[in-house]
1. As a footprinting exposure proxy, order LEU89, LEU296, LEU38 by other Cβ within 10 Å, with the fewest listed first.
2. Tally Lys/Arg at +1 and Asp/Glu at -1 over every other residue whose Cβ is under 15 Å from the Cβ of VAL201; what's the total?
3. Evaluate the distance, in nm, between pseudo-label points positioned 7 Å from the Cα of ARG405 and of THR231 along their respective Cα→Cβ axes.
4. Could you grab the relative contact order for the stretch 13-417? Cα pairs under 8 Å, six or more apart, rounded to a whole percent.
5. Determine the gain in length on full extension of the stretch ILE203-ALA314; use 0.36 nm per residue of separation and subtract their C-alpha separation, reporting nm with one decimal.
6. Between TRP92 and LYS289, what FRET efficiency comes out of the Förster formula 1/(1 + (r/R0)^6) with R0 = 41 Å and r the beta carbon distance, rounded to 0.05?
7. Using the count of nearby Cβ atoms within 10 Å as a rough guide to exposure, how do VAL309, VAL325 rank from fewest to most?
8. So how tilted is helix 317-344 from the main axis of the chain? Cα-based, degrees 0 to 90, rounded to 10.
Amino acid sequence: MLSYWRNIRSFGGDARRFLVASSLFGFTLYGGVFSVLLNIYMLRLGYGPEFIGLVNGASLLAQAFFGLPAGAAGQRWGLRRAMTAGLALSVWGGLLFLGAEWLPAAWQRGWLLASNVLSGLGMSLFIVNSSPFLMAVATVEMRDLAFSVQSALMPLAALAGSLLGGFAPSLLARTLGLSLDHPAPYRYALLVAPLLLAAAVPILRRSVDVDPSRGPVVAGGTGSPPYEVITVMAVVVALRLVGQSAASTFFNVYMDDVLGVSTATIGLWFGAGRLAGFVAALAMPFLGKRSGRVGLIVLCTLLSAVNLVPLALAPHPTVAGLVFVLNSTYAWIMVPAVLLLQQELVAPRWRTTMAGADTLATGLSYGLVAWAGGFAISAWGYPTLFLVGGAISAVGAMLFWAYFRTPRGELRVGQADGTESDPQI
């Protein structure tokens, strides 16, 4: 741990400021307060799984379809400006979402959808340009560590946000003299997220803006259009994430609505998952050296898919919680591995395009599952959703393995001409 801290201090001011902003992003939106409370807040407003799935899906689909334009924005404006604009949009989206309660009933659904879409657009701008930014400010030797530290800080921050999201409604309910069936305690707890995320904007603005094409190519090469690699990566990522998105999107609804678990306990399970993710992300460089990034991604995807079987067939709070923790572990091992693999497959000027395509694929996977999952739950129940999602993820893992049995993109060029290549693929 001391060596990790020494290496973090050597990253440079731009990288450290990015890590702080990324941590605030995780605490508030990406796995933290909003992830725990958003769906439960809508349940308390009187909405069912269909509309909750629609709201989640709309944001994720907006995030997905804005992925490639977000990459183009990073190329045009600079990576730091694009990320800062994304954070600002997410702040406004969160604030507007929480104002829906005071609108006439006829406007409320549309307002919730539109404001969550605005947050999704902001998240897309931040996420798409994050990986190219970190690639540009980190040296080749430090990239594995930089990506694993960034991926570890996200779930650690999300852990703190999960705990706050789990316990704040109970404290606020007692303070306000309301029951936990009332939406107000959840609304005020959620308000912490956009207010705190706003602090990330001036922090990130202090960083020097970065040219998206800055930074050495890991394997050399010509930088010719890598359309095949980008397209295949997008397709297999979308398939690979179906099971993970089914389990994570509806985890809190399933625990609250079906298993009758308290919000505080749901927050604890979220926190345990984030803590496991923190450790898992830090372990990625060591695990990747043993099995290679592709092998590690395939193994973790298959294990996540198998985990959905007990989630579907054993409806018990402890089983569901343990599945969530295990799948969080596998997911956060994969996050830095996938991001590094994608960014090192292409020349620097194509990195925002690769990141945009990944966001498109991820958002489509999560968004379509969230949208269709609500209707599937109403028609066939949670077990069917979990089992079908796991099966599709397993298919995606095998397609991923089949395509990457031999090096691709810039890595392939590097091995062919003797330039530097990534030994971990």
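1. On the way: LEU89 19, LEU296 22, LEU38 25.
The fewest-first ordering by Cβ neighbours comes to LEU89, LEU296, LEU38.
2. Values: positive: ARG17, ARG80, ARG81, ARG205, ARG206; negative: ASP209.
Overall, the nearby charge balance is +4.
3. 2.1
4. On the way: 752 pairs, mean separation 120.7, N = 405.
Taking the mean separation of contacting Cα pairs over the length of the stretch 13-417, I get 30 percent.
5. Working: separation 111, 0.36 × 111 = 39.96 nm, distance 4.57 nm.
That works out to 35.4 nm of additional length.
6. On the way: r = 43 Å, r/R0 = 1.04.
Working from the Cβ atoms, E equals 0.45.
7. Numbers: VAL309 15, VAL325 19.
Fewest to most other Cβ atoms nearby, the residues stand as VAL309, VAL325.
8. 30
Coordinate-derived values only; no laboratory data. Keep in mind the model is a prediction, meaning the values are calculated, not measured. Positions of Cβ are backbone-derived with ideal geometry, glycine not excepted, and every protein chain shown enters the neighbour counts.
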